[in-house]
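Enquirer: Can you read through this structure? Questions will come right after.
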Amino acid sequence: MRRLAFLICLGLLSGCGSLAGIEIGTTVATDKTFTDHIISFSSGKDCSSVRREQGLSYCKEDEVSITPNVFCYNTLGRVTCYDRPDPHNGKQRQVGINDHNLVQ
């Protein structure tokens, strides 16, 4: 936090010529530009132009995460997966769920 405050003060005291040097220095050191630090601080998010250049969202918190609806069960000789839980109402145990092994 102190480093960010120092960078902001340095940016305000410097002229436009050295602002480019500050942008480069902060990008190399933190993967964020000086402007990214200000936006991250004001929004409370972790934002970076470097992330944007990599094809990701500008802020980590805005990244869309898609969780697939896949439910897999052991069947005769293999694992079969469906888009909904236990479609045949066979009370099958989902693959990877081992709650029957818990000691109580």
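Enquirer: Of everything in the range 44-90 that's part of a strand (DSSP E or B) and touching a helix residue (DSSP H, G or I) at 6+ places or on another chain (Cβ under 9 Å), which residue is nearest to residue 27 (Cα to Cα)?
Expert: Filtering first and then ranking leaves 47.
Enquirer: Cβ-Cβ below 6 Å, separation at least six or inter-chain, first residue in the range 82-104 and at positive phi, second of a type outside the set (Phe, Trp, Tyr) and at pLDDT below 75: which pairs?
Expert: Once the first residue is at positive phi and sits in the range 82-104, its partners that are of a type outside the set (Phe, Trp, Tyr) and at pLDDT below 75 give 86/92.
Enquirer: Here is a further query. Collect the residues in the range 57-94 that are of a type in the set (Ser, Thr, Tyr) and surrounded by 10 or more Cβ atoms within 10 Å (Cβ to Cβ), keeping them in residue-number order.
Expert: Of everything in the range 57-94, those that are of a type in the set (Ser, Thr, Tyr) and surrounded by 10 or more Cβ atoms within 10 Å (Cβ to Cβ) turn out to be 57, 58, 73, 75, 80, 82.
Enquirer: Evaluate the following for residue 42: is it among the hydroxyl-bearing types (Ser, Thr, Tyr), within 15 Å of the chain's Cα centre (by Cα) and at pLDDT 75 or above?
Expert: It is false that residue 42 is among the hydroxyl-bearing types (Ser, Thr, Tyr), within 15 Å of the chain's Cα centre (by Cα) and at pLDDT 75 or above.
Enquirer: Across the range 63-78, what is the number of residues that are over 14 Å from the mean Cα position of the chain (by Cα) and polar (S, T, N, Q)?
Expert: 3
The values are calculated or read from the model by the stated rules, or taken from the named source; none is laboratory data. Quick caveat, the model's predicted, so the values are computed rather than measured. All Cβ positions, glycine included, derive from the backbone under ideal geometry; neighbour counts span all protein chains shown.
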